[in-house]
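Taking it in order: structure first as structure tokens, then the write-up.
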């Protein structure tokens, strides 16, 4: 409806898309990006298989690694005392990363909705 209304008012195809349709769909696109980032962070098992699941510091960009999420999932079953506390601290760090991503997207979204002020 936005596109047809813009065309009816005399806008070109390109102006209708870039000045009317995309700004109207921006909140949905931003929400999709946030959900995609959250899912990418949470895809533990797929990333574990691709990354190599090696609990060591990588020697290069093509060497195997273990993500923080994978580390929590694999080791929580047998962790005790300090080891368990370290895994919980890792989960807190992941939670803070996701919280920062969500808050920054919210701030950017709010700033853009208010006209860039």
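Data overview
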| read-out | value |
| --- | --- |
| Residue match in the range 5-22 (condition: assigned by TED's automatic domain parsing to the domain that holds residue 105 and more than 26 Å from the chain's Cα centre (by Cα)) | no |
| Qualifying residue in the range 43-59 (condition: surrounded by 13 or more Cβ atoms within 10 Å (Cβ to Cβ) and either at pLDDT 80 or above or closer than 26 Å to residue 106 by Cα (or both)) | yes |
| Qualifying position, being surrounded by 15 or more Cβ atoms within 10 Å (Cβ to Cβ) and touching a residue at least 60 places away in the same chain (Cβ under 8 Å), among 105, 65 | 105 |
| Output for the range 69-87, where each listed residue is exposed (fewer than 15 other Cβ atoms within 10 Å of the Cβ) and within 21 Å of residue 40 (Cβ to Cβ) | 73 |
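The values are calculated or read from the model by the stated rules, or taken from the named source; none is laboratory data. Computed from a prediction, not measured in an experiment: that's the story for all the values here. A quick note on method: Cβ atoms are made from the backbone with ideal geometry, for glycine too, and the neighbour counts reach across all protein chains shown.
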